[in-house]
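Report on the structure given below.
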Amino acid sequence: DSGTVGSQRAFGGFPQRVLDMTFAPDGSYWLLGRAEAEEGDVEIRHYNPSNGQGRSFPFSKNIITNGKSQPFKIYPYTRLIRTHEAKLLATGVNCLLAQLDPRSGRYQYFDYTPAFIGKNETVRAIALAESPDGTWWIGTQQGLVKGIPDGNARRFELTQATPGNTQGLNNNSIACLL
């Protein structure tokens, strides 16, 4: 169980299912998880071990992207990173990303479905990284997605393996980004 150490809760009152975490320079943690139920509430929580205090940032239950309304849902391989701008970026199902600005407490949601035009497979991010120029790199089972800053938005491009090309990706399953 990811939410306990022995019989004691590891992160105060945080939900049982912690799926990923990242650290802040001050030694505090950012945790991504959900309530006990499989379809429970999803949130990012800031936790300060020096004083045991935490602050929750629940995801919106109604995100509108590409003309459809949906909640932000996570899955066992959901990833969380701290960006160079000190924001938090989390992966969700249906090609969704959520970026939290902790100063304002607001989320901005991004949909990288357009990178997969013409492909009907269910795509989930299994790796996530940011390069120094602010570009997001999303590893999926169907290729590598590059999220290029474009004002307040992102332009998403897909790179896939090409059979016989020894200079590119050797397959489309990108499980780790360093």
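What follows is calculated from the coordinates using simple rules that are stated; it is not laboratory data. This structure is a prediction, so every number in the text was calculated from the model and none was measured. Cβ atoms come from the backbone with ideal geometry, glycine included; neighbour counts cover every protein chain shown.
Please report, to one decimal in angstroms, the Kirkwood hydrodynamic radius of the range 21-110 built from all distinct Cα-Cα pairs. All intermediate terms of the calculation are to be shown ahead of the outcome.
Numbers: mean 1/r = 0.0738 Å⁻¹.
Taking every pair of different Cα atoms in the range 21-110, averaging 1/r and inverting gives 13.5 Å.
Our estimate of slack between Ser104 and Ala24, defined as 0.36 nm per intervening residue step minus the Cα-Cα distance, is 27.1 nm. For the range 82-178, the convex hull spanned by the alpha carbon atoms encloses 103 Å³ per residue. Were the residues from Ser69 through Thr166 laid out at 0.36 nm apart, the gain over their Cα-Cα distance would be 30.8 nm.
Structural descriptor for the range 31-178: relative contact order 13 percent, calculated from alpha carbon pairs under 8 angstrom and at least 6 residues apart. Once the C-beta distance of Arg55 and Gln141 is scaled by a Förster radius of 35 Å, the resulting FRET efficiency is 0.55 to the nearest 0.05.
Can you give the local net charge around Phe59? Use residues other than it whose beta-carbon is closer than 10 angstrom to its beta-carbon, Lys and Arg +1, Asp and Glu -1. The answer is +1.
Normalised by 2.2 N^0.38 Å, with N the number of residues, the alpha-carbon radius of gyration of the range 68-131 equals 1.15.
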